[in-house]
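The values are calculated or read from the model by the stated rules, or taken from the named source; none is laboratory data. Every value quoted in this text rests on a predicted model; they were computed, and no experiment measured them. Virtual Cβ from ideal backbone geometry, glycine too; neighbours counted across all protein chains shown.
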Amino acid sequence: MITVLQALNEAMREAMATDERVLFLGEDVLDPYGGAFKVAKGLSTQFPDRVLTTPISEAAITGIATGLALRGMRPVVEIMFGDFLSLAFDQLLNHACKFRWMYNDQVRVPMVVRTPMGGRRGYGPTHSQCTEKHLLGIPGLRVVAVNSLCDPKQLLLNAILCDDEPTLFVEHKLLYLSRLGQSSNPPHFEIIRSNSLFLYPAVSVRIAGAPRAEVTIATYGYMADLVLDAVWRLAMEQEIFVEVIVPTCLSPLDIAPILGSFERTGSLLTVEEGVVSLGWGSEVLSLVAEGTPKGGRFVARRLGARDLPIPSSRPLESAVLPSVQDIFDAAMELVNRQEKNAV
Amino acid sequence: MGDSTAAGLMHEMLRIRLFEEQALEEFSRGRLFGTTHTCIGQEADAVGVIGVLRRSDVVFSNHRGHGHYLAHGGSMHALAAELMGRSTGVSGGLGGSQHLHFPGFYSNGVQGGIVPCAVGMALAEKRRNSGAIIAVFLGDGTLGEGVVYESLNIASLWRLPVLFVVENNRYAQTTPLSANFAGDFSLRFKAFGIDIDELDTTDVIVISKAATLAVSSVRELGAPRAMLLNTYRLSPHSKGDDFRDPAEIEHFRQFDPINLLGARLSHEEYDHALIAARDEVFAAFAQAAKDA
């Protein structure tokens, strides 16, 4: 049973072995260190002239990848912590994501920026954020988040080898050691891949054989693991059943799988680890609201981190980030609200 | 690449000069939308440097890029159409003055951000052994951007075939060098191990000769090099926003590159170049105005 980390590492090796145009750039990525979170382990030994360790220059290496892509390469950049994407923001927003459009479709910029994201490791305010929310909704930028329910290797291979758009590939730090197909969640979940023709499928998850779901939870990345823990507790302790939709492509977002589930349950909870205000969940709720007919039931709420920087202390960090209990409580609140409405 | 005789260089510079003058004229008549940054007075930089590049070399230009575009062989009609927002524009009207592309030419309007892109292109060409080099154009104001220094460091560290061309026109928009520039131009490059040629001239022949050496150095050594071209912009930053001392502008008119070179041509040679350029500019804007 391999981990998400091993799957991503395999994807990097396979992508570089498959296509000579794939170059890998990042800080501290050479062996024996192999990158801060080890996704690059072994790569520089296997492909010594195609793995480039760089100075601490996130803007420059993102721009260099853009230049490489414009001239026919398929570069992959590792940004050591997602928090440092702020340094590369101009390169993504005003360069990588603009060229195809503003040059009237004459060029392509096939590049992937991979980065570890998220908290729960005590790294504090500047090494724990989910900064992907700041990069959602940029025309021309794909934002993809890996999870333990999809095939991370295929997801990353698709991004590197098949996608001609600049892509931000988000890897939550706690996912690296998750085992595929056997996450920390209880067994007995039925996982259905939807829109599987796309490079970045969504999955829908429910307890196998469960009665009709009362609540839809839309989530992504590592939060899917916590959501499934909460879903199991809701079923066992409260006999409340939930359908979970986990997209891998956050932006642009295909709302269809979430909307489809919402039409069955009439009740939607979004769960993300990033700060909740003006976040991914806000967009999901908006799209679902826009898709709800007149007189249709719309019971919804968002759950995410409190609107605060992330503290270093373990208990304080736990108080800021959404927990299994928070998900459980939010789902209960939705169900109670539904019942009140019914009365 | 182009005609390197004095008459040929004059023709190239006049194409740019008359194009820019016409662009400003069209603006004042309300036939151009948005903004434009002209390079009147700086034509010798574009013609002198880009004129010695090969067609297979790559130019990455900035917000003041019409001269670079024309010197590298870009279609004048497609540029006029781009400024007018026509679908026949070089970027289909989506890009406008600052966002131009044809094979081998790229531009973007954000200061400094193009420099790492150019360095990445140089890495791609080096890995492909294409023999192509990248010439990237910066202004004095651009040296305020941090990403430029990240890029110089990496270009030197990885020995990439890129020529950094700094056109010091002494102003960052309206702010004079004295209010935004500390230290030394050349030392900024030398600190990263990049040799730099400093030229205090608007003489296109002098610039062309220096560029020939710089370009072959980049090509043969496969390592970066820089040129600092001290020049002067005779036109406003964009359209009417000129707050410089008129006496200062008048002072620099004696270094107008067209006049400098014109003194070395016969009247017949000059007139020939002028008429050819005028006809081309007229036809370019006339066609663009008719386009959808």
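Remarks
- Residues located in segment B:104-132, provided they are of a type outside the set (S, T, N, Q), more than 8 Å from chain A (Cβ to nearest Cβ) and in a loop (DSSP other than H, G, I, E, B): B:G104, B:G109, B:G112, B:G131, B:A132
- Checked against the criteria, B:L187 does not count as part of a helix (DSSP H, G or I), more than 14 Å from chain A (Cβ to nearest Cβ), in contact with a Lys or Arg (Cβ under 7 Å, 6 or more places away or on another chain) and modelled with pLDDT of 95 or more.
- Considering the conditions (1) farther than 20 Å from A:P252 by Cβ; (2) within 20 Å of the chain's Cα centre (by Cα), A:L93 is excluded by exactly one of them, (1).
- In segment B:84-99, the qualifying residues are those that are more than 8 Å from chain A (Cβ to nearest Cβ) and of a type in the set (S, T, N, Q), and the one that is farthest from the chain's Cα centre (by Cα) is B:S87.
- Number of residues in segment A:154-184 that are under 14 Å from the mean Cα position of the chain (by Cα) and not small (G, A, S): the value is 12.
- Residue match in segment A:234-253 (condition: in a helix (DSSP H, G or I), within 16 Å of the chain's Cα centre (by Cα) and modelled with pLDDT of 95 or more): no
- Of the strands (runs of 3 or more DSSP E) contained entirely in segment A:1-99, not one carries at least 3 residues that are surrounded by 24 or more Cβ atoms within 10 Å (Cβ to Cβ), modelled with pLDDT of 95 or more and in contact with a Gly (Cβ under 7 Å, 6 or more places away or on another chain).
- Set side by side, the residues A:V112, A:V107 differ, and just one is away from chain B (no Cβ under 12 Å) and touching a Phe, Trp or Tyr at 6+ places or on another chain (Cβ under 8 Å), which is A:V112.
- Hits in segment B:201-245 (condition: in a strand (DSSP E or B) and more than 22 Å from B:S97 (Cβ to Cβ)): B:R225, B:A226, B:M227, B:L228, B:N230
- Any hit, segment A:53-61, residues being among the aliphatic types (A, V, I, L, M), touching a residue at least 40 places away in the same chain (Cβ under 8 Å) and either assigned by TED's automatic domain parsing to the domain that holds A:T131 or farther than 30 Å from B:G96 by Cβ (or both): no
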